[in-house]
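The values are calculated or read from the model by the stated rules, or taken from the named source; none is laboratory data. All values derive from a computational prediction rather than experimental measurement. Glycine also receives a Cβ, built like all others from the backbone with ideal geometry; neighbour counts cover every protein chain displayed.
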Amino acid sequence: MDHPDNYDALIDALFEGRATPEEAARLLGDTAGDELEELAEIVDTLSRIDPSLRTPSESQFRSARKAVLDRIVAAEAPAPGRFSRWLPLAAALAAFVVGLAIGRSDAGPAETLTLTDLVERGARQTAAGMSTPFRYSNLRLRELDDGNLAMSVDVAAELDLVRPKDDLLVNDILASSLVNDASLGTRLKAVRYAGAGPHVRRALIAAALDDPDFSVRLRALERLIERNAPAAETQEALLAVIANEESVVMRLLALEALDDDYIGSDLIETLDNETAGDGEAAVLWYARQRLDRRSL
Amino acid sequence: MQVDDEELVRATLAGELSAFDELMQRYERLVYSLVVSFADGHDGALDLTQEIFFKAYRKLAAFDGRGTVKAWLARIAIHEGINQAKSATRRQARHDAWHVVRPTHTLAPQDDEILSGERKRQVATALERLAPRHRLAIELRYLQEMGIPEVASVLECSEGVARNILFRGLRKLRRQVAQAS
């Protein structure tokens, strides 16, 4: 019974209901005699559970599949530059998006454009022989009594932009890339070029705390510290790094950057309780140093 | 006649997204079932399922055809599920450490809402309480009806070890059910 190879065949027989009482007794060894019966009953019950009953509906899965396919299409869009002749239209769309984002109405002619106008303009260009920057998916349509077609379609577009680093849209895109599973290289670039503002700060905090890649967490933490933002959420993020980050380097960086107000006996006590190895001891030692410096 | 999974993989790699859509349809329930206990509720599991298929698409060219597509997808799902759980644990620990109140973990829809029969509910509930490796082995073998070689492939262990995990998992499940009842 100690080595699985010794009873592989018996277990197969048990699981498939072929085990004789003698084989079952040998398999179960020193267990109570009724264990076989109970195990067989549980296996039988498990076999009667329909796993599909525990899953979402078909329509929910359909939406999920569509989202995956849309994401694949978006990720495989042609490289920037291919649609350079569409720059004016893309710029108009960007202006529209920014207008929506900031809720202003002083954007000149572009602010009168609706998304439908932009897509129609794209269709006219397509009819004139140019490729469209828009992709259509998930079309739903029906014919109306008057002969018109009622349509609903998802539209995705590729934008080629040249903008200042502190541009609102640029930073919105960078912040979104940080928290939405862009590639490692893109995340690192997003950290490097991320501008200011609470939205970006929150994205940097999320990256510093939760990005699966150490280099992104470290760079995001450094960016947060460089900003020297006094926001309470930044200080809480530093505390979280000190408490939970695996990297001693990052914990020490966070300790160094933490405001004096946050260095107190509570922090020392917490670190003391968590001290379990050399790395943690170094953090605790440094925290005490900072507390002493603050006390002077 | 149904196109086999490997053919769908080849068609996807040749650029036919509809083939990947078909693969998702075949295995979305499997992937969801494997990750639901790692995720934060029903919506979290559905999001994670999407994420897993997106990653699977990106890794498709690396599928070497040595195992089944089903087992390959299940392996990705389990790895992603474990990563998700680790991330959630880190977040929870951080909040706990600094005494920040956080909403309690939301469980997937309770089985008693959808399963018929008290016994099934007891067994399904007890299954959720098992350690991940035991739970996954049982889920793959009995609910997803994989053979031992496929279970072993998903759990990345030998068939003997898979049987051992399965057997020990069943015994623990039996004890859990007995305690609950």
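For this structure, a couple of remarks:
- B:S181 vs. criteria over 16 Å from the mean Cα position of the chain (by Cα), over 20 Å from B:V36 (Cα atoms) and at pLDDT below 80: yes
- Here region B:1-36 is the region considered, the condition is being part of a loop (DSSP other than H, G, I, E, B) and within 11 Å of another protein chain (Cβ to nearest Cβ), and the residue that is surrounded by the fewest Cβ atoms within 10 Å (Cβ to Cβ) is B:G15.
- Filtered residues of region A:130-188 (kept if surrounded by 14 or more Cβ atoms within 10 Å (Cβ to Cβ), outside any helix (DSSP H, G or I) and polar (S, T, N, Q)): A:T132, A:N138
- Those residues of region B:39-50 which are surrounded by fewer than 22 Cβ atoms within 10 Å (Cβ to Cβ) and not in a helix (DSSP H, G or I), in sequence order: B:D40
For (1) among the aliphatic types (A, V, I, L, M); (2) more than 24 Å from the chain's Cα centre (by Cα); (3) outside the structural domain of A:A237 (by TED's automatic domain parsing), each residue gets a yes or a no:
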{"position": "A:Q125", "(1), (2), (3)": "no, yes, yes"}
{"position": "A:A128", "(1), (2), (3)": "yes, yes, yes"}
{"position": "A:N148", "(1), (2), (3)": "no, yes, yes"}
{"position": "A:L174", "(1), (2), (3)": "yes, no, no"}
{"position": "A:V179", "(1), (2), (3)": "yes, no, no"}
{"position": "A:G185", "(1), (2), (3)": "no, no, no"}
{"position": "A:I205", "(1), (2), (3)": "yes, no, no"}
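- If you go through region B:159-181 and keep only what is within 8 Å of another protein chain (Cβ to nearest Cβ) and either among the hydrophobic types (A, V, I, L, M, F, W, C) or surrounded by fewer than 21 Cβ atoms within 10 Å (Cβ to Cβ) (or both), you end up with B:E159, B:G160, B:V161, B:N164, B:L166, B:F167, B:L170, B:R171, B:L173, B:R174, B:V177, B:A178.
- Flag for A:D259 being at pLDDT 75 or above and more than 30 Å from A:L184 (Cβ to Cβ): yes
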